[in-house]
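One structure is given below, encoded as C-alpha coordinates.
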Amino acid sequence: MAINYLKKGKTDAAKAIDDAQVSEIVKNTLKAIEERGDEAVKEFAKKFDNYTPESFKLSQAEIDNLINQVSKQDLEDIKFAQEQVRNFAQAQRDSMQDIEVETMPGVILGHKNIPVQSVGCYIPAGKFPMVASAHMSVVTASVAKVPRIIACTPPYQGSPNPAVIAAMHFGGAHEIYVIGGIQAVGAMALGTETIDPVDMLVGPGNAFVAEAKRQLFGKVGIDLFAGPTETMVIADDTVDAELCATDLLGQAEHGYNSPAVLVTNNKSLAEETISEIERILTILPTADTASVSWKEYGEIVLCDTYEEMLDVANEIASEHVQVMTDRDDWFLENMHSYGALFLGPRTNVSNGDKVIGTNHTLPTKKAGRYTGGLWVGKYLKTHSYQKITTDEAAVKIGRYCSRLCMLESFVGHAEQANIRVRRYGGEDVPYGKAAQ
(Lines give C-alpha, C1' and ligand atoms only; values in the text may rest on other atoms or scores of the structure.)
Protein backbone atom coordinates (compact mmCIF):
# COMPACT_ATOMS: atom_id res chain seq x y z
CA MET A 1 0.00 0.00 0.00
CA ALA A 2 1.52 3.33 -1.03
CA ILE A 3 -0.11 6.51 0.22
CA ASN A 4 2.05 9.61 -0.19
CA TYR A 5 1.37 13.09 1.14
CA LEU A 6 2.80 15.48 -1.46
CA LYS A 7 1.59 18.34 0.76
CA LYS A 8 0.56 18.32 4.41
CA GLY A 9 -1.19 20.90 6.55
CA LYS A 10 -0.88 21.72 10.24
CA THR A 11 -0.06 18.86 12.57
CA ASP A 12 -2.71 17.46 14.90
CA ALA A 13 -0.70 18.83 17.83
CA ALA A 14 -0.79 22.36 16.41
CA LYS A 15 -4.52 22.07 15.78
CA ALA A 16 -5.03 20.89 19.37
CA ILE A 17 -3.35 24.04 20.70
CA ASP A 18 -5.66 26.18 18.58
CA ASP A 19 -8.68 24.22 19.82
CA ALA A 20 -7.67 24.66 23.47
CA GLN A 21 -7.39 28.42 23.08
CA VAL A 22 -10.81 28.61 21.43
CA SER A 23 -12.33 26.43 24.15
CA GLU A 24 -11.15 28.70 26.97
CA ILE A 25 -12.47 31.86 25.29
CA VAL A 26 -15.84 30.23 24.68
CA LYS A 27 -16.09 28.94 28.25
CA ASN A 28 -15.51 32.39 29.74
CA THR A 29 -17.89 34.09 27.30
CA LEU A 30 -20.74 31.66 27.98
CA LYS A 31 -20.22 32.00 31.74
CA ALA A 32 -20.56 35.78 31.45
CA ILE A 33 -23.77 35.48 29.42
CA GLU A 34 -25.24 33.00 31.89
CA GLU A 35 -24.44 35.29 34.81
CA ARG A 36 -25.19 38.71 33.33
CA GLY A 37 -27.59 38.09 30.42
CA ASP A 38 -28.32 41.06 28.16
CA GLU A 39 -25.61 43.16 29.74
CA ALA A 40 -22.93 40.64 28.72
CA VAL A 41 -24.41 40.19 25.24
CA LYS A 42 -24.24 43.96 24.70
CA GLU A 43 -20.63 44.08 25.87
CA PHE A 44 -19.56 41.30 23.50
CA ALA A 45 -21.54 42.78 20.60
CA LYS A 46 -19.67 46.06 21.06
CA LYS A 47 -16.30 44.32 21.55
CA PHE A 48 -16.48 41.89 18.63
CA ASP A 49 -18.84 43.62 16.18
CA ASN A 50 -18.79 47.26 17.29
CA TYR A 51 -22.58 47.07 17.14
CA THR A 52 -24.74 48.74 19.77
CA PRO A 53 -28.41 48.95 18.71
CA GLU A 54 -31.25 49.89 21.03
CA SER A 55 -32.65 46.40 20.49
CA PHE A 56 -31.00 43.34 18.95
CA LYS A 57 -34.43 42.07 17.89
CA LEU A 58 -35.65 43.51 14.60
CA SER A 59 -39.17 44.89 14.46
CA GLN A 60 -41.43 44.03 11.53
CA ALA A 61 -40.94 47.57 10.21
CA GLU A 62 -37.16 47.15 10.30
CA ILE A 63 -37.45 43.79 8.55
CA ASP A 64 -39.68 45.27 5.83
CA ASN A 65 -37.28 48.18 5.34
CA LEU A 66 -34.31 45.83 4.92
CA ILE A 67 -36.21 43.62 2.47
CA ASN A 68 -37.01 46.69 0.39
CA GLN A 69 -33.26 47.25 -0.02
CA VAL A 70 -32.84 43.88 -1.77
CA SER A 71 -33.04 43.95 -5.55
CA LYS A 72 -35.86 42.18 -7.37
CA GLN A 73 -33.42 39.70 -8.95
CA ASP A 74 -31.81 38.87 -5.61
CA LEU A 75 -35.20 38.30 -4.02
CA GLU A 76 -36.21 36.00 -6.88
CA ASP A 77 -32.96 34.07 -6.49
CA ILE A 78 -33.46 33.71 -2.74
CA LYS A 79 -37.01 32.44 -3.25
CA PHE A 80 -35.87 30.00 -5.96
CA ALA A 81 -33.18 28.56 -3.67
CA GLN A 82 -35.63 28.28 -0.79
CA GLU A 83 -38.10 26.49 -3.02
CA GLN A 84 -35.47 23.85 -3.84
CA VAL A 85 -34.55 23.39 -0.17
CA ARG A 86 -38.21 23.33 0.88
CA ASN A 87 -39.17 20.77 -1.78
CA PHE A 88 -36.39 18.36 -0.80
CA ALA A 89 -37.03 18.87 2.91
CA GLN A 90 -40.73 18.17 2.38
CA ALA A 91 -39.92 14.96 0.50
CA GLN A 92 -37.69 13.93 3.40
CA ARG A 93 -40.43 14.76 5.91
CA ASP A 94 -42.96 12.77 3.94
CA SER A 95 -40.68 9.73 4.20
CA MET A 96 -40.91 9.81 8.00
CA GLN A 97 -44.13 8.14 8.98
CA ASP A 98 -45.83 7.72 12.32
CA ILE A 99 -46.46 4.03 12.92
CA GLU A 100 -48.78 1.86 14.99
CA VAL A 101 -48.61 -1.93 14.91
CA GLU A 102 -50.28 -4.77 16.79
CA THR A 103 -47.27 -6.91 17.66
CA MET A 104 -49.41 -9.65 19.19
CA PRO A 105 -53.13 -9.85 19.93
CA GLY A 106 -54.06 -6.99 22.25
CA VAL A 107 -50.61 -5.33 22.29
CA ILE A 108 -50.29 -2.12 20.30
CA LEU A 109 -46.99 -0.26 19.88
CA GLY A 110 -46.31 2.90 17.95
CA HIS A 111 -44.26 6.03 17.53
CA LYS A 112 -44.98 9.63 16.69
CA ASN A 113 -42.62 12.17 15.11
CA ILE A 114 -43.02 15.38 17.10
CA PRO A 115 -41.21 18.63 16.25
CA VAL A 116 -38.86 20.28 18.72
CA GLN A 117 -40.83 23.18 20.22
CA SER A 118 -38.24 25.96 19.81
CA VAL A 119 -35.13 26.25 17.67
CA GLY A 120 -32.37 28.84 17.43
CA CYS A 121 -30.83 29.15 13.98
CA TYR A 122 -27.40 30.75 13.62
CA ILE A 123 -26.66 32.35 10.26
CA PRO A 124 -23.03 33.52 9.83
CA ALA A 125 -22.50 36.93 8.24
CA GLY A 126 -19.46 38.53 9.83
CA LYS A 127 -16.93 37.86 7.06
CA PHE A 128 -19.36 36.81 4.33
CA PRO A 129 -23.16 37.30 4.44
CA MET A 130 -24.25 33.65 4.43
CA VAL A 131 -27.67 34.11 2.88
CA ALA A 132 -27.93 30.40 2.07
CA SER A 133 -27.54 29.36 5.70
CA ALA A 134 -30.97 30.82 6.38
CA HIS A 135 -32.46 28.49 3.78
CA MET A 136 -30.73 25.49 5.31
CA SER A 137 -31.77 26.01 8.92
CA VAL A 138 -34.89 28.20 8.94
CA VAL A 139 -36.66 26.65 5.95
CA THR A 140 -36.08 23.08 7.15
CA ALA A 141 -37.32 23.97 10.65
CA SER A 142 -40.40 25.50 9.05
CA VAL A 143 -41.06 22.33 7.02
CA ALA A 144 -40.75 20.34 10.26
CA LYS A 145 -43.43 22.67 11.74
CA VAL A 146 -41.32 23.87 14.66
CA PRO A 147 -43.66 26.28 16.55
CA ARG A 148 -40.98 28.84 17.46
CA ILE A 149 -38.05 29.54 15.15
CA ILE A 150 -35.65 32.30 16.11
CA ALA A 151 -32.70 33.34 14.00
CA CYS A 152 -29.52 35.24 14.85
CA THR A 153 -27.00 36.77 12.47
CA PRO A 154 -24.11 39.16 13.11
CA PRO A 155 -24.03 42.64 11.58
CA TYR A 156 -22.26 42.79 8.23
CA GLN A 157 -20.02 45.83 7.86
CA GLY A 158 -21.78 47.53 10.75
CA SER A 159 -25.45 46.84 10.07
CA PRO A 160 -27.89 44.01 9.33
CA ASN A 161 -27.37 42.52 5.89
CA PRO A 162 -30.63 43.02 3.93
CA ALA A 163 -30.35 39.80 1.91
CA VAL A 164 -29.70 37.66 4.99
CA ILE A 165 -32.65 39.24 6.81
CA ALA A 166 -34.87 38.69 3.76
CA ALA A 167 -33.85 35.02 3.63
CA MET A 168 -34.59 34.58 7.34
CA HIS A 169 -37.99 36.24 6.95
CA PHE A 170 -39.10 34.35 3.85
CA GLY A 171 -37.70 31.14 5.32
CA GLY A 172 -40.16 31.38 8.19
CA ALA A 173 -38.31 32.83 11.19
CA HIS A 174 -40.65 34.07 13.92
CA GLU A 175 -38.03 36.24 15.66
CA ILE A 176 -34.93 37.79 14.09
CA TYR A 177 -31.98 39.11 16.11
CA VAL A 178 -28.82 40.83 14.91
CA ILE A 179 -26.27 39.20 17.20
CA GLY A 180 -23.13 37.33 16.19
CA GLY A 181 -20.73 34.67 17.37
CA ILE A 182 -20.56 33.12 20.83
CA GLN A 183 -22.89 35.76 22.25
CA ALA A 184 -25.65 34.82 19.78
CA VAL A 185 -25.41 31.10 20.43
CA GLY A 186 -25.14 31.65 24.17
CA ALA A 187 -28.11 34.01 24.30
CA MET A 188 -30.33 31.62 22.34
CA ALA A 189 -29.39 28.61 24.47
CA LEU A 190 -29.16 30.19 27.91
CA GLY A 191 -31.73 32.92 27.51
CA THR A 192 -31.51 36.52 28.70
CA GLU A 193 -33.93 39.10 30.05
CA THR A 194 -35.16 39.79 26.50
CA ILE A 195 -34.58 36.45 24.71
CA ASP A 196 -36.40 33.30 25.79
CA PRO A 197 -34.15 30.23 25.59
CA VAL A 198 -34.62 27.61 22.88
CA ASP A 199 -34.60 23.83 23.02
CA MET A 200 -32.16 23.31 20.16
CA LEU A 201 -29.37 25.14 18.30
CA VAL A 202 -28.69 24.66 14.60
CA GLY A 203 -26.53 26.18 11.91
CA PRO A 204 -22.88 26.45 10.88
CA GLY A 205 -20.28 28.88 12.14
CA ASN A 206 -16.61 29.49 12.79
CA ALA A 207 -14.52 27.63 15.34
CA PHE A 208 -15.90 29.75 18.20
CA VAL A 209 -19.54 29.12 17.26
CA ALA A 210 -18.90 25.40 16.83
CA GLU A 211 -17.18 25.18 20.22
CA ALA A 212 -19.97 27.15 21.88
CA LYS A 213 -22.51 24.68 20.54
CA ARG A 214 -20.37 21.79 21.78
CA GLN A 215 -20.16 23.25 25.29
CA LEU A 216 -23.89 23.99 25.38
CA PHE A 217 -24.90 20.50 24.21
CA GLY A 218 -26.88 18.84 26.97
CA LYS A 219 -28.40 22.08 28.16
CA VAL A 220 -29.89 22.25 24.67
CA GLY A 221 -29.83 19.94 21.70
CA ILE A 222 -27.63 20.72 18.72
CA ASP A 223 -27.84 19.64 15.12
CA LEU A 224 -24.18 18.55 14.85
CA PHE A 225 -20.63 19.77 15.19
CA ALA A 226 -20.42 22.14 12.22
CA GLY A 227 -17.18 24.10 12.37
CA PRO A 228 -14.94 25.60 9.68
CA THR A 229 -15.61 24.35 6.16
CA GLU A 230 -13.76 21.27 4.91
CA THR A 231 -13.55 20.06 1.34
CA MET A 232 -12.07 17.05 -0.40
CA VAL A 233 -11.67 16.37 -4.09
CA ILE A 234 -11.32 12.73 -5.16
CA ALA A 235 -10.08 12.75 -8.75
CA ASP A 236 -8.37 10.63 -11.38
CA ASP A 237 -7.19 11.37 -14.91
CA THR A 238 -10.75 11.90 -16.18
CA VAL A 239 -10.55 15.54 -15.04
CA ASP A 240 -7.95 18.30 -15.26
CA ALA A 241 -5.98 20.30 -12.72
CA GLU A 242 -7.87 23.55 -13.29
CA LEU A 243 -11.14 21.93 -12.21
CA CYS A 244 -9.54 20.37 -9.13
CA ALA A 245 -7.79 23.59 -8.11
CA THR A 246 -10.96 25.63 -8.56
CA ASP A 247 -12.99 23.25 -6.42
CA LEU A 248 -10.38 23.24 -3.66
CA LEU A 249 -9.95 27.01 -3.50
CA GLY A 250 -13.68 27.60 -3.85
CA GLN A 251 -14.09 26.26 -0.31
CA ALA A 252 -10.73 27.37 1.12
CA GLU A 253 -11.90 30.99 0.83
CA HIS A 254 -14.42 30.42 3.65
CA GLY A 255 -11.86 31.18 6.36
CA TYR A 256 -8.25 30.92 7.45
CA ASN A 257 -8.63 27.37 8.74
CA SER A 258 -10.63 25.56 6.06
CA PRO A 259 -9.03 22.22 5.12
CA ALA A 260 -8.88 21.45 1.39
CA VAL A 261 -7.62 18.02 0.37
CA LEU A 262 -6.97 16.42 -3.01
CA VAL A 263 -6.95 12.61 -3.09
CA THR A 264 -5.78 11.19 -6.39
CA ASN A 265 -4.04 8.24 -8.00
CA ASN A 266 -2.47 10.37 -10.72
CA LYS A 267 0.85 12.05 -9.90
CA SER A 268 0.71 14.42 -12.87
CA LEU A 269 -2.73 15.64 -11.80
CA ALA A 270 -1.47 16.17 -8.25
CA GLU A 271 1.55 18.22 -9.35
CA GLU A 272 -0.43 20.22 -11.92
CA THR A 273 -3.12 20.98 -9.34
CA ILE A 274 -0.50 22.53 -7.05
CA SER A 275 0.65 24.73 -9.95
CA GLU A 276 -2.92 25.68 -10.82
CA ILE A 277 -3.65 26.63 -7.22
CA GLU A 278 -0.61 28.92 -7.20
CA ARG A 279 -1.79 30.51 -10.47
CA ILE A 280 -5.38 31.02 -9.32
CA LEU A 281 -4.26 32.53 -6.03
CA THR A 282 -2.62 35.37 -7.97
CA ILE A 283 -6.01 36.40 -9.42
CA LEU A 284 -8.56 35.25 -6.83
CA PRO A 285 -10.10 38.28 -5.04
CA THR A 286 -10.38 36.25 -1.81
CA ALA A 287 -6.80 34.99 -2.02
CA ASP A 288 -5.86 36.64 1.27
CA THR A 289 -8.10 34.11 3.01
CA ALA A 290 -7.84 31.11 0.69
CA SER A 291 -4.05 31.23 0.55
CA VAL A 292 -3.76 30.92 4.34
CA SER A 293 -6.14 27.95 4.42
CA TRP A 294 -4.26 26.29 1.57
CA LYS A 295 -0.86 26.91 3.12
CA GLU A 296 -1.77 25.71 6.61
CA TYR A 297 -4.57 23.20 5.99
CA GLY A 298 -4.24 22.13 2.35
CA GLU A 299 -3.17 18.58 1.56
CA ILE A 300 -2.42 16.48 -1.51
CA VAL A 301 -2.63 12.71 -1.05
CA LEU A 302 -1.27 10.47 -3.79
CA CYS A 303 -2.49 6.86 -3.81
CA ASP A 304 -1.77 3.85 -6.00
CA THR A 305 -5.29 2.44 -6.22
CA TYR A 306 -8.93 3.45 -5.99
CA GLU A 307 -9.26 1.28 -2.90
CA GLU A 308 -6.53 3.35 -1.22
CA MET A 309 -8.28 6.54 -2.27
CA LEU A 310 -11.49 5.22 -0.69
CA ASP A 311 -9.70 4.30 2.55
CA VAL A 312 -8.09 7.75 2.81
CA ALA A 313 -11.40 9.49 2.10
CA ASN A 314 -13.28 7.48 4.73
CA GLU A 315 -10.51 8.09 7.27
CA ILE A 316 -10.50 11.88 6.74
CA ALA A 317 -14.33 11.98 6.70
CA SER A 318 -14.45 15.41 5.09
CA GLU A 319 -17.49 17.65 5.23
CA HIS A 320 -17.73 18.00 1.43
CA VAL A 321 -16.48 15.30 -0.91
CA GLN A 322 -16.32 16.11 -4.63
CA VAL A 323 -15.89 12.86 -6.61
CA MET A 324 -14.68 13.13 -10.22
CA THR A 325 -13.54 9.73 -11.41
CA ASP A 326 -14.41 6.99 -13.87
CA ARG A 327 -16.32 5.21 -11.08
CA ASP A 328 -18.29 7.84 -9.16
CA ASP A 329 -21.13 5.45 -8.31
CA TRP A 330 -18.61 3.02 -6.81
CA PHE A 331 -17.57 5.74 -4.37
CA LEU A 332 -21.25 6.47 -3.65
CA GLU A 333 -21.76 2.80 -2.83
CA ASN A 334 -18.65 2.44 -0.67
CA MET A 335 -18.15 5.79 1.07
CA HIS A 336 -19.41 5.62 4.65
CA SER A 337 -17.92 8.64 6.46
CA TYR A 338 -18.50 12.14 5.03
CA GLY A 339 -20.85 15.11 5.17
CA ALA A 340 -22.21 15.20 1.61
CA LEU A 341 -21.13 13.76 -1.74
CA PHE A 342 -20.97 15.69 -5.01
CA LEU A 343 -20.76 13.20 -7.82
CA GLY A 344 -19.24 13.96 -11.22
CA PRO A 345 -17.68 17.05 -12.78
CA ARG A 346 -21.03 18.64 -13.70
CA THR A 347 -21.92 19.41 -10.09
CA ASN A 348 -19.87 21.00 -7.32
CA VAL A 349 -19.93 21.91 -3.66
CA SER A 350 -21.19 25.43 -4.34
CA ASN A 351 -24.42 23.97 -5.75
CA GLY A 352 -25.01 22.25 -2.43
CA ASP A 353 -23.97 25.35 -0.51
CA LYS A 354 -26.37 27.70 -2.24
CA VAL A 355 -29.21 26.36 -4.31
CA ILE A 356 -29.63 22.73 -5.39
CA GLY A 357 -31.75 21.70 -2.39
CA THR A 358 -29.59 19.48 -0.18
CA ASN A 359 -28.55 20.96 3.15
CA HIS A 360 -25.17 22.63 3.56
CA THR A 361 -24.94 22.35 7.35
CA LEU A 362 -22.74 19.28 7.52
CA PRO A 363 -20.50 17.41 9.99
CA THR A 364 -16.87 18.52 10.30
CA LYS A 365 -13.83 17.30 12.26
CA LYS A 366 -14.61 13.66 11.41
CA ALA A 367 -18.12 13.84 12.86
CA GLY A 368 -19.29 12.27 9.59
CA ARG A 369 -18.24 8.96 11.17
CA TYR A 370 -21.32 9.07 13.42
CA THR A 371 -23.79 11.64 12.05
CA GLY A 372 -25.09 13.04 8.81
CA GLY A 373 -25.89 16.67 8.14
CA LEU A 374 -28.78 18.90 9.12
CA TRP A 375 -32.10 17.84 7.61
CA VAL A 376 -35.76 18.09 8.44
CA GLY A 377 -35.53 14.95 10.60
CA LYS A 378 -33.11 16.67 13.01
CA TYR A 379 -36.00 18.82 14.22
CA LEU A 380 -38.23 15.82 14.88
CA LYS A 381 -38.21 13.69 18.00
CA THR A 382 -39.47 10.14 17.57
CA HIS A 383 -41.47 9.20 20.65
CA SER A 384 -42.81 5.71 21.25
CA TYR A 385 -46.03 4.65 23.00
CA GLN A 386 -47.77 1.42 23.97
CA LYS A 387 -51.20 0.21 24.99
CA ILE A 388 -52.71 -3.16 25.90
CA THR A 389 -56.32 -3.64 24.92
CA THR A 390 -57.22 -7.11 26.27
CA ASP A 391 -57.04 -8.84 29.64
CA GLU A 392 -55.37 -11.84 28.04
CA ALA A 393 -52.52 -9.71 26.62
CA ALA A 394 -52.06 -7.92 29.95
CA VAL A 395 -51.66 -11.24 31.74
CA LYS A 396 -49.38 -12.81 29.16
CA ILE A 397 -47.00 -9.83 28.99
CA GLY A 398 -47.29 -9.43 32.78
CA ARG A 399 -46.01 -12.94 33.46
CA TYR A 400 -42.97 -12.46 31.26
CA CYS A 401 -42.34 -9.01 32.73
CA SER A 402 -42.62 -10.27 36.30
CA ARG A 403 -40.09 -13.06 35.80
CA LEU A 404 -37.64 -10.80 33.94
CA CYS A 405 -37.85 -8.14 36.68
CA MET A 406 -37.11 -10.71 39.39
CA LEU A 407 -34.19 -11.97 37.31
CA GLU A 408 -32.70 -8.52 37.89
CA SER A 409 -33.87 -8.36 41.54
CA PHE A 410 -36.23 -5.47 40.82
CA VAL A 411 -39.10 -6.46 43.14
CA GLY A 412 -40.97 -3.18 42.77
CA HIS A 413 -40.81 -3.50 39.00
CA ALA A 414 -42.13 -7.04 39.25
CA GLU A 415 -45.08 -5.93 41.35
CA GLN A 416 -46.13 -3.50 38.60
CA ALA A 417 -46.55 -6.59 36.41
CA ASN A 418 -47.94 -8.84 39.17
CA ILE A 419 -50.81 -6.53 40.08
CA ARG A 420 -51.98 -6.74 36.45
CA VAL A 421 -51.73 -10.54 36.51
CA ARG A 422 -53.83 -10.59 39.69
CA ARG A 423 -56.43 -8.09 38.45
CA TYR A 424 -56.85 -9.18 34.86
CA GLY A 425 -56.11 -12.89 35.25
CA GLY A 426 -57.47 -13.61 38.70
CA GLU A 427 -54.24 -15.38 39.66
CA ASP A 428 -52.89 -15.39 43.20
CA VAL A 429 -49.32 -14.19 42.71
CA PRO A 430 -47.59 -13.81 46.11
CA TYR A 431 -46.23 -10.32 46.77
CA GLY A 432 -42.56 -10.08 45.82
CA LYS A 433 -42.56 -13.36 43.88
CA ALA A 434 -42.34 -13.93 40.15
CA ALA A 435 -45.50 -14.81 38.28
CA GLN A 436 -45.44 -18.29 36.77
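The values are calculated or read from the model by the stated rules, or taken from the named source; none is laboratory data. Keep in mind it's a predicted model, so treat the numbers as computed, not measured. Here the Cβ is made from the backbone with ideal geometry for all residues, glycine too, and neighbour counts use every protein chain on show. We work out accessible area using only protein heavy atoms, side chains counted, and drop any ligands, DNA or RNA first. Shrake-Rupley method; radii C 1.70, N 1.55, O 1.52, S 1.80 Å.
For region 255-383, the Kirkwood radius over C-alpha pairs fed into Stokes-Einstein at 25 °C and 0.890 mPa s yields D = 153 µm² per second.
Using 0.36 nm per residue and subtracting the Cα-Cα separation, the extra length available between R214 and E296 on full extension is 27.1 nm. Using the Cβ-Cβ distance between E392 and Q97 with R0 set to 41 Å, the FRET efficiency works out to roughly 0.90. Calculated on C-alpha atoms, the gyration radius of region 225-307 divided by its Kirkwood radius gives an Rg/Rh of 0.97. Across region 254-274, the residues whose backbone nitrogen lies under 11 Å from the label position 7 Å along the beta-carbon direction of N4 are 266-268, 270-271.
Shown for the chain is the translational diffusion coefficient from the Stokes-Einstein equation, using the Kirkwood radius over Cα pairs, a temperature of 25 °C and a viscosity of 0.890 mPa s: 101 µm²/s.
Quick check on my link table: of K10/K213; K10/K267; K27/K145, which ones sit more than 31 Å apart, alpha carbon to alpha carbon? Over 31 Å Cα-Cα: K27/K145.
Nearest 20 debye, what's the magnitude of the dipole of region 314-415 about its Cα centre given +1 on Lys and Arg Cβ and -1 on Asp and Glu Cβ? Intermediate values should be presented prior to the final figure.
Working: 12 positive and 11 negative charges, 55 e Å.
It comes to approximately 260 debye.
Only protein heavy atoms count here; under a 1.4 Å probe, R420 has an accessible surface of about 120 Å².
Across region 408-418, computed HN-Hα scalar couplings (Karplus, 6.51 cos²θ - 1.76 cosθ + 1.60, θ = phi - 60°) run 9, 6, 9, 5, x, 4, 4, 5, 4, 7, 4 Hz from first to last residue, x flagging Gly and Pro. Here K433 is the anchor, and the lysines within straight C-alpha reach of less than 20 Å, apart from those fewer than 8 places off in the same chain, are K396. Among beta bridges from DSSP that stay inside region 52-184, the antiparallel ones total about 45%.
Dipole of the chain computed with +1 at Lys/Arg Cβ and -1 at Asp/Glu Cβ about the Cα centre; of H254, A45, L310, farthest Cα towards the positive end is A45. Remark on L262: its backbone amide H falls under 5 Å from those of V233, E299, I300, V301, a criterion applied only to residues 5 or more positions apart or on other chains, H modelled at 1.01 Å from N. Could you run the Karplus curve 6.51 cos²θ - 1.76 cosθ + 1.60 with θ = phi - 60° over region 173-190 and give me ³J(HN,Hα) per residue in whole Hz, x for Gly and Pro? Per residue, the Karplus-derived 3J(HN,Hα) values read 5, 8, 9, 10, 10, 9, 9, x, x, 4, 5, 5, 5, x, 5, 5, 7, 8 Hz. Partners of K378 within straight-line reach, counting aspartates and glutamates whose Cα lies under 12 Å from its Cα and excluding those fewer than 8 residues away in the same chain: D223. Per residue, region 5-156 exposes 53 Å² of accessible surface when a 1.4 Å probe is rolled over the protein heavy atoms with every protein chain present. Rounded to whole Å, give me the distance from the Cα center of region 155-169 to that of region 249-290. Distance between centres, Cα-based: 30 Å. Compare the Cα positions of L343, L201, S275 along the charge dipole of the chain (+1 at Cβ of Lys, Arg; -1 at Cβ of Asp, Glu; about the Cα centre) and return the one farthest towards the positive end. Comparing the listed Cα positions along the dipole, L201 ranks first.
What FRET efficiency comes out for the pair E24/E193, r = Cβ-Cβ distance, R0 = 22 Å, nearest 0.05? Kindly include the intermediate steps, with their values, before the conclusion.
Values: r = 27 Å, r/R0 = 1.21.
Efficiency, rounded to the nearest 0.05: 0.25.
Counting only the Cα atoms, region 1-152 fills a convex hull of 294 Å³ per residue.
The equivalent ellipsoid that matches the C-alpha gyration tensor of region 154-227 spans semi-axes of 20, 14, 12 angstrom, in descending order.
Just to confirm the filter: which chymotrypsin sites (Phe, Trp or Tyr not before Pro) across region 265-372 are DSSP coil and have at most 16 other Cβ within 10 angstrom of their Cβ? Counting only loop positions with at most 16 other Cβ atoms within 10 Å, the chymotrypsin sites (Phe, Trp or Tyr not before Pro) in region 265-372 are Y370. Remark: region 260-304 carries 43 Å² of accessible area per residue (probe radius 1.4 Å; ligands, DNA and RNA excluded). Our estimate of slack between D329 and T371, defined as 0.36 nm per intervening residue step minus the Cα-Cα distance, is 13.0 nm.
Inter-part distance, region 204-234 to region 336-399, computed on C-alpha centroids, equals 17 Å.
Considering Cα pairs under 8 angstrom that are at least six residues apart, work out the relative contact order of the chain and quote it in whole percent. Walk me through the numbers on the way to the answer.
Details: 887 pairs, mean separation 80.7, N = 436.
Normalised by residue count, the contact order of the chain is 19 percent.
As a test of reading the structure, rank E319, E43 by solvent-accessible area (1.4 Å probe, protein chains only), most first. If you can, show how the numbers build up before the last one.
Details: E319 10, E43 85 Å².
Descending order: E43, E319.
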